[in-house]
Amino acid sequence: MTSERVDLLAIAAHRDDVELTCGGTLAKAVKAGYRVGIIDLTQGETGTRGDAATRAAEAERAARVLGIHARLNAGLPDAHLHNDEPSRAKLVELIRATRPRVVILPFAVGRHPDHRIASELGRDACYLAGLVKYAAAGEPHRPFKLLYALAYREDPVKPTFVVDISDTFEIKMQAIRCYASQFDGATTAGEIFPTGQGLYELIRSQSAHYGSLIRTPYGEPFFCPETLEVQDVLQLGVQSM
Ligand SMILES: [Zn+2]
């Protein structure tokens, strides 16, 4: 297991989940000089298309495209994810090894059960990782901030904020295209409902919609339950009228 530390860590159920929901944000953080990591909880062995080995190679390529410093896999059972003690202990180990300040998790609502479980499992593991007496490898570490990726969800809440990914949108698309075994010719993926468009076109129009919420070409939406702090109201963006 690598002990590489990162500033920003994205945790999700399946390889390709983070590219779809927050790939532009991860690439943007890399460009800003931060160290960025990904933890895929499963190996995608029950996916309809492609096998685990193909998806591993694709995930490796996508990580290189995004500029990711550490991509780890928890090896938990795909389509049978559980928020149980062995799964939490495994994830605590990986969080302690990477020691992120900020963690991006899936939103707690979703049609794939793995996505919902990953949200809760990720949150619990982030808390437990900070307990001095929690028995798992590594030094205790609790991330400072948890963010929930809201892309493709319309049922729950308005985004708390949208990250402007206009400068890294093409990198996001290039990373998504690394998953050719999953996506070439596809019209749907993960939480994305089909619209009759090809998947790549669909992601472009969804990202343009989120961007329009903050008056930029492309964006990725996030939810966080805490109230956000503002020091200078004159620096606030997004025109009101
Ligand atoms: Zn998924």
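The values are calculated or read from the model by the stated rules, or taken from the named source; none is laboratory data. All values derive from a computational prediction rather than experimental measurement. Note that we place each Cβ from the backbone using ideal geometry, even for glycine, and neighbour counts take in every protein chain shown. With ligands, DNA and RNA removed, areas are computed over all heavy atoms of the protein, side chains included. Shrake-Rupley method; radii C 1.70, N 1.55, O 1.52, S 1.80 Å.
Whole-Hz ³J(HN,Hα) for each residue in the range 63-71, computed from phi via Karplus 6.51 cos²θ - 1.76 cosθ + 1.60 with θ = phi - 60°, x for glycine and proline: what do you get?
Taking θ as phi minus 60°, the curve returns 5, 5, 4, 6, x, 5, 8, 8, 10 Hz for the range 63-71.
Over the heavy atoms of H112, what accessible area does a 1.4 Å probe trace out, to the nearest 10 Å²?
Counting only protein heavy atoms, the figure is 60 Å².
Round to the nearest 0.05 the FRET efficiency obtained for H82 and A208 when R0 = 25 Å and r is the Cβ-Cβ distance.
0.10
Name the GluC sites (Glu not before Pro) in the range 142-226 that are in a loop by DSSP and that have at most 11 other C-beta atoms within 10 Å, would you?
Hits after loop and neighbour filter: E154, E226.
If you average the sequence gap of Cα pairs under 8 Å that are 6 or more apart and divide by the length of the range 80-194, what percent do you get for the contact order?
27 percent
Relative contact order for the chain: what percent, with Cα pairs under 8 Å and sequence separation of 6 or more?
Computed over the chain, the figure is 22 percent.
Note down the Stokes-Einstein diffusion coefficient of the chain in µm²/s, whole number, using a Kirkwood radius over alpha carbon pairs, 37 °C, and 0.692 mPa s.
After rounding, the answer is 182 µm²/s.
Taking the chain as a Gaussian network, where each spring joins two C-alpha atoms under 10 Å apart, which residue of A137, A149, A32 fluctuates the most?
Among A137, A149, A32, the largest GNM mean-square fluctuation belongs to A32.
Taking the chain as a Gaussian network, Cα atoms linked when under 10 Å apart, which of A62, A208, A13 shows the biggest mean-square fluctuation?
With Cα springs under 10 Å in the chain, the top fluctuation among A62, A208, A13 is at A208.
Averaging sequence separations of C-alpha pairs under 8 Å and six or more residues apart, then dividing by the length of the range 1-142, give the relative contact order as a whole percent.
About 29 percent, as a whole number.
Taking a 25 Å limit on the Cα-Cα distance, which of the listed pairs K31/K145; K28/K133; K90/K172; K31/K133; K90/K145; K90/K158 fall beyond it?
In this structure, K28/K133; K90/K172; K31/K133; K90/K158 exceed 25 Å between Cα atoms.
Residue by residue through the range 234-239, what is 3J(HN,Hα) from phi via Karplus (6.51 cos²θ - 1.76 cosθ + 1.60, θ = phi - 60°)? Round to whole Hz and write x for glycine and proline.
Listing the rounded values in order: 6, 8, 5, x, 6, 4 Hz.
Under 5 Å between amide H atoms, partner at least 5 residues away or on a different chain: which partners does A10 have, H built in plane at 1.01 Å?
G37, I38, I39, I104
Please identify which residues in the range 99-140 have an amide N closer than 16 Å to a label point set 7 Å out from the Cα of E226, following the Cα→Cβ vector.
100-105, 123-124, 126-128, 130
What are the chymotrypsin sites (Phe, Trp or Tyr not before Pro) within the range 140-215 that DSSP puts in a loop, where the Cβ has at most 10 other Cβ atoms within 10 Å?
Those satisfying the criteria are F144.
Compute a Gaussian network model of the chain, connecting alpha carbons closer than 10 Å, and tell me which residue from G198, G211, G44 fluctuates the most.
So, out of G198, G211, G44, the one fluctuating most is G198.
Can you work out the PRE-style zone for Q239? Point 7 Å along Cα to Cβ, and I want the residues of the range 153-188 with backbone N under 20 Å.
Correct set: 162-167.
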